[in-house]
Amino acid sequence: MFEARLVQSAILKKVLDAIKDLLTEATFECSDSGIQVQAMDNAHVSLVSLNLRSDGFDKYRCDRNLSMGMSIASMTKILRCAGAEDTVTLRAVDNPENIMFIFESPNKEKLAEYEMKLINMDQEHLGIIKTKETSYSCVVKMPSQEFSRICRDLSQFGESITFACSKEGIKFSASGDFGQATVKLAQTADADKEEEAVLVTMQEPVKLTFSCRYLNCFVKAGPLCAQVQLSMSNDVPLVCEYKIGDIGHIRYYLAPKIDD
Amino acid sequence: KKTQNKIDAYFKLQ
């Protein structure tokens, strides 16, 4: 038996918004410690790693480990049926063929149940990728809205954005047929609010180029968290991380563009 | 000129 309950179904809606443009289907690994998803986009350029800890749920029970293949489009359709204030419960039996989504209104007068068929995921199981969080040359924390804005604005100039990070701050630049654009963000000296701060932790400067298309998918996670964390080292994938309240995080890994 | 690398190249997928 698997059962996971979240008082705020809005969190799950936002999580789906954050992955639906990158993934068509994904395996949800459920265990005693929580729910984990790791999946690459079709082009194998980016990897999405989603973690929802069991202690972050309002109720969580997982008697045996389950791997459930789910269509992200179908899941999105079902989550659209949840009211903004509804509670959501995910429920499956052991060896399930279906998963149940149960939405309950705050006054408990409306109870809606949706059943979704699981998919047999033929694709090779990824295993869980471990990364060393401390080994990045630059780690930047900045307002997620600002990051979304910069990706959107610079996407108008070309297909990719170059991130250059030094101890002064981070510089984003793009160029194309009609011109070029540069946005520099300095480290904030004293931000009034923590969520408005720009913080740079640098071991050595980095300069990396990334595809706008993927960055603009990642920023869909913006509503999950006021701050985004960008971890970078030269010649390795960017890690773009959004915390999901007290329950977990979503991390996107994006392969850089390399010189021919 | 830059080309898009694949993420597989960076992770040993089990």
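Bear in mind these aren't lab numbers, they're just calculated from the coordinates by the rules spelled out. Owing to the predicted nature of the structure, the values given are computational and were not obtained by experimental measurement. Neighbour counts are summed over all protein chains in view; Cβ atoms, including those assigned to glycine, are modelled from backbone coordinates with ideal geometry.
Put simply, the amide H of A:Leu118, placed in the peptide plane, has neighbours under 5 Å in A:Asn98, A:Ile99, leaving out anything fewer than 5 places away on its chain. Between A:Cys81, A:Cys212, A:Cys151, which gets the highest mean-square fluctuation from a Gaussian network model of chain A, Cα cutoff 10 Å? Fluctuation is largest for A:Cys81.
If R₀ is 30 angstrom, what is the calculated FRET efficiency for the pair A:Gln145 and A:Val7, using the beta carbon separation as r and rounding to 0.05?
Values: r = 25 Å, r/R0 = 0.85.
Computed FRET efficiency for A:Gln145 and A:Val7: 0.75.
Under a Cβ-only charge scheme (Lys and Arg +1, Asp and Glu -1), can you give me the dipole magnitude of the protein assembly as shown about the Cα centre, in debye to the nearest 20?
380 debye
By the Cβ distance rule (another cysteine Cβ under 4.7 Å), the unpaired cysteines of chain A are A:Cys30, A:Cys62, A:Cys81, A:Cys151, A:Cys212, A:Cys217, A:Cys225, A:Cys240. Rounding to the nearest 10 and keeping the result within 0 to 90°, find how far the Cα-based axis of helix A:144-155 lies from the longest principal axis of chain A. The angle comes out near 60 degrees. The residues A:Arg251, A:Arg213, when put in order of fewest to most other Cβ atoms within 10 Å, stand as A:Arg213, A:Arg251. Considering only A:Asp192, A:Asp17, A:Asp94, the Gaussian network model of chain A with Cα springs below 10 Å gives its largest mean-square fluctuation to A:Asp192.
Past 22 Å, Cα to Cα, is the threshold; run A:Lys220/B:Lys1; A:Lys13/A:Lys77; A:Lys167/A:Lys207 against it and keep the listed order. Where the Cα-Cα span goes over 22 Å, the pairs concerned are A:Lys220/B:Lys1. Cross-link partners of A:Lys257 among aspartates and glutamates, defined as those whose alpha carbon lies under 12 angstrom from its own and excluding same-chain residues fewer than eight positions apart: A:Glu159, A:Asp235. When the Cα centres of the stretch A:231-260 and the stretch A:183-230 are compared, how far apart do they sit, in Å? Each part reduced to its Cα centre gives a spacing of 11 Å. Simple point charges give the picture: +1 on the Cβ of Lys and Arg, -1 on the Cβ of Asp and Glu, and for the stretch A:1-115 a dipole about the Cα centre of about 200 debye.
Taking every alpha-carbon pair under 8 Å whose residues sit at least 6 apart, chain A reaches a relative contact order of 20 percent.
Between the residues A:Ser33, A:Val183, A:Leu52, the greatest Cα displacement towards the positive end of the dipole of chain A, with unit charges on the Cβ of Lys, Arg, Asp and Glu, is found for A:Val183.
Helix A:9-19 versus the longest principal axis of chain A: what is the Cα-based angle in degrees, 0 to 90, to the nearest 10? Helix A:9-19 sits at roughly 50 degrees to that axis. The charge dipole of the stretch A:39-185, taken about its Cα centre with unit charges on the Cβ of Lys, Arg, Asp and Glu (plus for the first two, minus for the last two), comes to roughly 460 debye. Since only A:Phe172, A:Asn107, A:Pro256 are under comparison, the one whose Cα sits farthest along the positive direction of the charge dipole of the stretch A:102-260, derived from C-beta charges on Lys, Arg, Asp and Glu, is A:Phe172.
How would the protein assembly as shown be classified by its alpha-carbon gyration tensor: rounded, prolate or oblate, with rounded meaning a/c under 1.5 and the a/b versus b/c comparison settling the rest? Show your work: numbers first, answer last.
On the way: a/c = 2.04, a/b = 1.66, b/c = 1.23.
Prolate.
When the charge dipole of the stretch A:47-186 is built from unit charges on Cβ atoms (+1 for Lys and Arg, -1 for Asp and Glu) and taken about the Cα centre, the candidate among A:Cys62, A:Gln145, A:Thr76 whose Cα reaches farthest toward its positive end is A:Gln145.
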